[in-house]
Amino acid sequence: MANKDIIIRVEKLCKTFVTTRAVVNATVDFRSGEIHALIGENGSGKSTLTSMMCGINKPDSGTMFLNKKPFIAQDQIHANENGIAALVQEMNTIDHMSVAENIFLGRENEFIKLGMIDKKRMSRAASEVLEKYGLKMINPNTDISRLSFEDRKIIEIIKAMNTDPKILIVDETTTALSQKGRDLLYSIMNDMRERGNTIVFISHDLQEVIEKSDAITVMRDGEIVDTIEVKDKTTEDELKMLMIGRELSQKYYRSDYGRLVSDDIVLEVKNVTQEGVLDDVTFELHKGEILGIGGLTSCGMHELGKVLFGASKAQKGSVTVTHKNAIVKNIPYAIKNGIAYISKNRDQESLMLISSISDNICLPSLDRISGKGLLRHKNENIFAQAGARKLDIKMENIEQYVFYLSGGNKQKVALAKWICEEPDIIVMDCPTRGIDVKVKAAIYSMMDKMVESGISIIMISEEMLELIGMCDRLLVFNKGKLVADMPRNKELSEETVIKYLI
Amino acid sequence: MKIKRDNSNLKSRLLLVGVMVVVYVTFATLSPERFANANTLYIIFQQAFMSSVIAAGLYFIIIMGLFDFAIGSILVFSGILGGLAAQHTGYAGFIIVTIVVAIALEIVNGLLYMILKVPSMITSVGLLMILESIATFFNDGCGVALEYEMRLFGRAPYNIIIGTVGLIIASILFGYTKKGIQIRAIGSNELVARSAGIRVNQAKLWGYIFCGLLVGIGSIMNISYGGKLQPALNLSSIDRNYAPLLGCFFGLAFKDQINPMVGILIGGFIIKLLTTGLMTLGVDATIQSVLTGFVLLLVVALTMRNSRDMHVIVK
């Protein structure tokens with residue numbers, strides 16, 4: 001690998017945000033014809049480093065060399081013109097514009113005829129592009145907000161590829177994609193590599209990183225720890241060690257088997273049906289149980305989570321909180337009867353980003369904090385502080401905006417908010433999505449503590465290993481149907497579960 | 001990422017007070033005889049209270065991400081009805097009718113927006129046009145005049161007392177009640193508020209009720225101060241929105257550093273200083289608006305640094 005040409009080199013790059021040193025003296029060589037992974041915990045500086053390469057942020061000091069010539073991207077367009085394109089973590093398509101308009105955003109000039117945009121030609125060009133990537137079923141004239149999250153992400157990928165980049169930055173895009181989308185992205189990445197281009201690949205999925213990459217650079221606290229060639233037969237554990245800087249001392253998944261779950265039923269789900277999404281779903285949740293729900297993204301399990309919380313209505317069937325004999329009909333009623341729900345879309349549905357940690361944690365528990373009288377900021381802060389301590393949230397102070405926290409700490413705030421509300425049942429939809437190993441371990445041990453104190457947990461997840469490792473019982477969904485119900489078992493393997501998914 | 005907030009708190013406060021002092025000193029030097037006397041300052045102080053109470057009401061709507069163009073017309077409408085009631089029932093009827101009518105109209109305003117599912121900006125303009133016209137049906141369209149002895153709340157110190165009480169009520173409703181926090185949560189992220197079990201429409205309606213309460217108090221101060229109130233037509237009641245709206249922006253701009261009601265009051269004071277100052281200098285009304293607008297932009301730009309660091313999209 002070392003004999004390949006260095007296409008882009010960053011040298012002693014530094015970037016500070018307000019008071020945090022996000023990237024410190026980073027020097028990395030990216031070569032042509034390689035998939036170069038960038039890994040590290042949340043907040044280790046991966047995204048900041050790549051954001052400087054593609055012109056979103058400017059470095060405070062240091063230089064970059066593009067084909068051995070000094071180069072600093074002034075903005076994203078400048079970077080694009082120099083062959084650098086990026087797929088970012090956030091949704092980057094524009095609602096209420098058509099698919100074609102989104103694909104050619106910023107390149108409208110190519111379609112101008114007599115001072116006006118030739119929409120027909122643009123839409124034809126978009127069709128051709130879509131067809132090239134095997135996406136004939138997408139109509140280029142549809143409003144992009146009508147497409148699924150995944151399809152929009154795929155449009156973003158196509159849009160980036162359409163500028164024919166020499167360097168493509170893929171920032172945690174795979175977490176948003178199902179297997180189909182991932183396969184498309186992988187084939188695009190491989191194709192680029194074949195043609196001697198470079199992919200900078202950020203992912204939390206270490207298995208994926210090892211499988212797909214030629215080189216892996218590990219970052220920690222803004223610094224480059226090491227760059228390793230994958231042919232050296234790296235293992236996941238070695239990478240984890242490099243990321244954290246020490247061996248994982250905490251246990252990761254649960255290690256106990258054969259724990260007795262109480263016979264008490266706390267939640268009964270009966271014949272829940274939602275046309276085209278959920279098909280006659282019936283199951284029971286026991287007291288102090290971790291019940292896993294697994295499947296593909298589109299299998300209906302995320303929608304089921306919302307139904308349990310009253311955030312989405314089922315056409316048929318009921319969800320009943322057993323000991324209160326209460327049928328869940330809306331969110332306030334679900335909360336009143338002890339149900340809590342942590343959404344999969346953290347930044348959109350779980351957190352108020354431009355509000356303090358305290359405000360976020362207190363929001364569902366205002367009744368408890370105020371009693372009958374007025375709310376006192378002091379009481380709110382004491383309440384929030386206790387929650388923050390329970391989950392060990394890394395913060396400046398309790399009044400700090402959630403916006404400034406790293407992904408893992410944001411998720412801890414979302415958890416703290418509901419744990420402090422002291423629910424009996426907590427529904428977690430992908431609680432560890434896009435989160436580093438350390439915070440994952442903290443969340444797992446928190447779940448352990450919760451079930452010990454008698455709380456029942458429903459964990460919805462796309463990661464089968466996590467479900468197998470954590471749950472007392474695992475339900476598998478396929479196309480809206482409950483297809484398997486498996487008790488916790490040492491012998492249960494990922495392969496067995498995956499058979500039911502497909 | 002981390003941020004130091006303590007330091008910026010003090011800076012923002014100093015900035016706000018600093019602007020106030022600079023504006024005052026400037027006009028006092030330029031117009032020492034007409035402007036720089038205790039009497040003028042006292043009058044400005046009283047006037048600032050009136051628009052600030054209305055601004056405090058509007059603040060509840062704006063913080064939710066909604067907008068209310070109708071406050072001016074509600075002010076006039078409730079004032080006329082309250083004034084008419086005052087002629088028969090004295091202070092009790094005056095206060096109760098004005099406030100109840102203002103609250104009722106704000107409830108209608110909120111319901112219109114929620115039922116029609118149309119942007120609040122549009123429904124409130126519709127309501128404004130309806131209210132302006134209906135107001136002419138009372139007392140043959142002559143509006144209403146209050147006797148001197150009924151105008152207690154237009155005089156010092158009573159206007160300052162009722163204004164302060166209004167601002168304190170707003171401050172408590174906003175910062176220390178569950179509904180206040182729910183209203184803030186809706187403004188911050190409606191989806192999150194919903195999933196935290198907040199009944200969003202109910203909380204929004206409470207925002208409108210709080211707004212109505214304060215507009216009602218403002219209306220009492222307004223008619224007591226002026227003595228007469230006539231129906232406004234052809235959208236002219238929008239004119240009454242400007243001063244409260246500007247005050248509201250001050251409150252918003254400093255909301256993380258200063259109790260927004262205090263921010264609104266100081267903002268209202270600065271605006272009144274400016275307009276009165278320019279008036280005593282004999283500056284043309286058009287130029288007055290231009291300068292007032294510039295000061296607002298300047299102050300807001302200087303204080304919104306935080307959100308710019310965060311790449312927040314301002315709409």
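The distance from the alpha carbon centre of region A:411-482 to that of region B:148-165 is 59 Å, rounded to a whole number. Compared with the dominant Cα axis of chain A, that is its longest principal axis, helix A:407-419 is turned about 10°.
Considering only alpha-carbon pairs that sit under 8 angstrom and 6 or more positions apart, the relative contact order computed for chain B is 31 percent.
Using the average count of surrounding beta-carbon atoms within 10 Å as a protection proxy, the listed peptides B:97-109, A:199-211 rank, highest first, as B:97-109, A:199-211.
The distance between label points at A:Thr273 and A:Glu463 comes to 3.6 nm (points 7 Å beyond Cα on the Cα→Cβ vector). Computed from backbone phi, the HN-Hα couplings of region A:173-188 come to 7, 5, 4, 7, 10, 7, 4, 4, x, 4, 4, 4, 4, 4, 5, 5 Hz, rounded to whole numbers (Karplus: 6.51 cos²θ - 1.76 cosθ + 1.60, θ = phi - 60°; Gly and Pro given as x). Sorted ascending by nearby beta carbons within 10 Å, beginning with the fewest, A:Lys46, A:Lys159, A:Lys12 become A:Lys12, A:Lys159, A:Lys46.
Computed from point charges on the beta carbon alone (+1 for Lys and Arg, -1 for Asp and Glu), the dipole magnitude for the protein assembly as shown about its Cα centre is near 1380 Debye. Helices of chain B meeting both criteria, an alpha-carbon length of 24 angstrom or more along the long axis and an average Kyte-Doolittle score not below 1.0, with helices taken as full DSSP H segments, are B:6-30, B:38-63, B:71-116, B:158-176, B:260-280, B:285-303.
Modelled spin-label separation between A:Glu11 and B:Leu298, with each label point placed 7 Å from Cα along the Cα-to-Cβ direction: 4.7 nm. Taking other Cβ atoms within 10 Å as a rough exposure proxy, B:Lys255, A:Lys324, A:Lys15 sort from fewest to most as A:Lys324, B:Lys255, A:Lys15. Of A:Tyr186, B:Tyr42, the sequence from fewest to most neighbouring Cβ atoms within 10 angstrom is B:Tyr42, A:Tyr186. Let me make sure I get this right: for chain A, a, b and c are the square roots of the gyration tensor eigenvalues over alpha carbons, sorted descending. Under 1.5 in a/c it's rounded, otherwise prolate if a/b > b/c, else oblate. Which is it? Prolate, since a/c reaches 1.5 and a/b exceeds b/c. Summing Lys and Arg as +1 and Asp and Glu as -1 over all other residues whose Cβ lies under 13 Å from the Cβ of A:Val28 gives a net charge of -1. In chain B, helical runs assigned H by DSSP with n ≥ 4 each contribute -39500 (n - 2.57); averaged across all residues and rounded to the nearest 500, the mean residue ellipticity at 222 nm is -25000 deg cm²/dmol. Report, in whole Å, the centroid distance computed from the Cα atoms of region B:54-104 and region A:331-406. Centre-to-centre distance over Cα atoms comes out at 35 Å. Can you tally the net charge around A:Arg473? Count Lys and Arg as +1, Asp and Glu as -1, for every other residue whose Cβ sits under 9 Å from the Cβ of A:Arg473. Residues close to A:Arg473 contribute a combined charge of -2. Would you please classify the overall shape of region A:54-106 from the alpha carbon gyration tensor, given that a ≥ b ≥ c denote the square roots of the eigenvalues, rounded means a/c under 1.5, and beyond that prolate means a/b larger than b/c while oblate covers the rest? Taking the square roots of the gyration eigenvalues as a ≥ b ≥ c, region A:54-106 is prolate.
Coordinate-derived values only; no laboratory data. The structure displayed is predicted, hence computed values, not measured ones. Methodologically, a virtual Cβ is constructed for each residue, glycine included, from the backbone with ideal geometry; neighbour enumeration extends over all protein chains shown.
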